[in-house]
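The values are calculated or read from the model by the stated rules, or taken from the named source; none is laboratory data. Source: prediction; values computed, not measured. Cβ: placed from backbone, ideal geometry, glycine included. Neighbour counts: every protein chain shown. Remember, those area values only see protein heavy atoms, side chains included, never the ligands or the DNA or RNA. Shrake-Rupley method; radii C 1.70, N 1.55, O 1.52, S 1.80 Å.
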Amino acid sequence: MYDLVVVGAGPYGLSIASHAAAAGLNLRVLGRPMASWRDHMPKGMFLKSEPWSSNLSDPAGTHTLAAYCSARGITVEHGRPLPIGTFTEYGQWFGSRAAPPAEEQTVTSIVPCARGFRVETAEGDVLVTRTVVVAVGVMPFMHKPGPLRKLPPALVSHSSRHRDLSRFKDKDVTVVGAGQAALETAALLAEGGAHVRVVARTDRINWNSPPQPLQRSLLKSLRDPHCGLGTGWPSWVYSEIPWAVRKLPGALRQHIARTALGPAGAWWLRDRFEFAVPVLLSSRLSAAEQMGDQVRLRLESVDGAVRTVETDHVVAATGFSPRLARLSMLDESIRSILHRVGTSDAPELNARFESSHPGLFFAGLLATPSFGPSMRFVYGATFAANRVVQGVQRRLAEPRLPTVPHAARSRTIEQHRTDDQLTGPTAQSQGRGQRPRRAQGGRGPTAVRR
């Protein structure tokens with residue numbers, strides 16, 4: 001039996017795995033390293049966050065983005081955007097050096113059992129573990145406006161579905177959204193020869209200001225402090241003390257998660273965008289229908305005016321919605337009983353990211369309604385990794401077995417003998433087998449991101 005299975009190998013999954021290995025936990029990491037960055041970010045994109053706030057987290061703090069870039073002669077400095085490709089390669093480097101090797105397996109099932117959880121993968125592995133951390137990134141939570149959901153993928157796609165935008169050359173493309181993903185995707189489409197427009201519900205496009213110098217007077221720093229999410233006291237609270245956000249009432253946390261750090265474009269993108277992409281502001285998408293090989297969009301303005309747009313393809317750059325209902329891998333017997341934050345479908349987490357089901361932890365986007373908007377950014381990985389591993393250690397030290405939901409008890413009894421076989425002397429003949437107490441590839445604090 002394993003102490004921990006980490007589901008997901010993005011910035012949060014790899015950071016948690018690094019801290020868990022250093023703590024001596026027997027663990028497995030399942031997922032494709034940096035998958036959403038490698039497979040779903042268009043070529044030519046840049047990192048919006050500053051390089052110094054885009055580190056994955058290892059206990060010693062030595063495997064930083066700056067260290068990776070310095071060894072390769074890549075310039076990293078405050079106020080200079082870094083290509084997404086460089087960050088992605090850094091994350092893979094981190095995973096190969098600072099964390100146990102991630103196994104490129106797809107988790108299909110997480111089911112409670114008498115000793116913890118039974119985890120199954122599409123590749124045929126079956127693992128039994130005391131605790132599970134779900135750190136699956138954002139891809140399961142893609143959001144599309146209602147009118148677009150019934151249209152075929154050939155006509156409508158989410159912005160995260162495009163590694164290569166070149167197929168849209170000479171096509172008419174409409175991008176829906178007003179955040180960085182929408183604006184940068186539109187700019188890249190225009191630069192690649194597409195005829196592109198942006199449709200936004202807002203009455204204007206918001207642009208971030210160029211970053212303030214790191215070295216400023218004490219007075220300026222007090223008025224507008226630097227932090228991992230930019231500058232300003234609200235951002236400082238969200239990024240530096242997310243534990244304080246968690247102490248707020250659930251309804252308020254839900255509101256913060258939905259509204260804080262809203263849609264805005266990076267300052268360095270503005271010149272590329274404004275002279276290349278027309279924008280239809282104050283335009284709400286009320287209907288969409290297929291017209292042959294095109295889409296007809298019905299847009300309503302705040303004053304009631306209606307216009308239609310016919311386009312070859314619609315890109316929904318409309319973000320991600322943290323909803324447990326999207327986690328099909330999580331058995332319904334668990335999902336149905338988990339406490340939620342307010343009226344949301346996101347799990348209520350304790351101070352160490354543990355859900356109301358003992359031994360089940362969540363990190364990343366699903367933790368946003370509990371700990372605030374820093375959980376949407378790589379910067380939050382350090383806080384999460386420390387707290388999650390503390391929580392796992394506490395759960396492992398608890399002498400009582402986790403309570404198995406009533407709906408899962410009959411299944412648990414049926415699987416009990418199988419679980420014994422998987423953790424017994426013959427375990428190595430099934431799946432990948434038991435690993436030593438300190439996971440292979442893990443490094444302690446003396447051995448030794450986004």
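A few comments on the model shown:
- Charge-dipole axis of segment 225-279 as Lys and Arg at +1 and Asp and Glu at -1 on Cβ define it, positive-most pick from G250, V277, L229: G250
- What a 1.4 Å probe finds exposed on the chain is 51% carbon and sulfur by accessible area, rounded to a whole percent.
- Between A305 and Q215, full extension at 0.36 nm per residue minus the direct alpha carbon distance yields a gain of 27.5 nm.
- The heavy atoms of I241 offer some 40 square angstrom of accessible surface to a 1.4 angstrom probe.
- Exposure of H40 as accessible area (Å², to 10), given a probe of 1.4 Å and all protein chains: 40 Å²
- Partners of K247 within straight-line reach, counting lysines whose Cα lies under 16 Å from its Cα and excluding those fewer than 8 residues away in the same chain: none found.
- The stretch between R149 and W233 holds 26.4 nm of extra length on full extension. This uses 0.36 nm per residue minus the Cα-Cα distance.
- In segment 215-309, trypsin sites (Lys or Arg not before Pro) in a DSSP loop with at most 16 other beta-carbon atoms within 10 Å: R216, K247
- When only alpha carbons are used to place a centre, segment 7-70 and segment 77-117 end up 5 Å from one another.
- Projecting the Cα atoms of A305, S57, P358 onto the charge dipole of the chain (Cβ charges, centred on the Cα centre) puts P358 farthest toward the positive pole.
- Area accessible to solvent at E348, 1.4 Å probe radius, in Å²: 50 Å²
- Using the 1.4 Å probe convention, the accessible area of the chain works out to 44 Å² per residue with neighbouring protein chains retained.
- Placing +1 on each Lys and Arg Cβ and -1 on each Asp and Glu Cβ, with no other charges, gives segment 1-154 a dipole about its Cα centre of roughly 440 debye.
- Under 29 Å from the Cα of K144 - lysines, other chains or at least 8 residues apart: K43, K48, K169, K171
- Separation of segment 169-221 and segment 287-360, taken as the distance between their Cα centroids, equals 22 angstrom.
- Cβ charges +1 (Lys, Arg) and -1 (Asp, Glu), total dipole of segment 248-392, debye: 460 debye
- Shape of segment 173-276, Cα gyration tensor, a/c cut at 1.5: oblate
- Student exercise, segment 77-154 dipole from Lys, Arg, Asp, Glu Cβ charges, in Debye to nearest 20: 420 debye
- Under 5 Å between amide hydrogens, built in the peptide plane, is the criterion, and for A264 it picks out Q180 among residues at least 5 positions away or on other chains.
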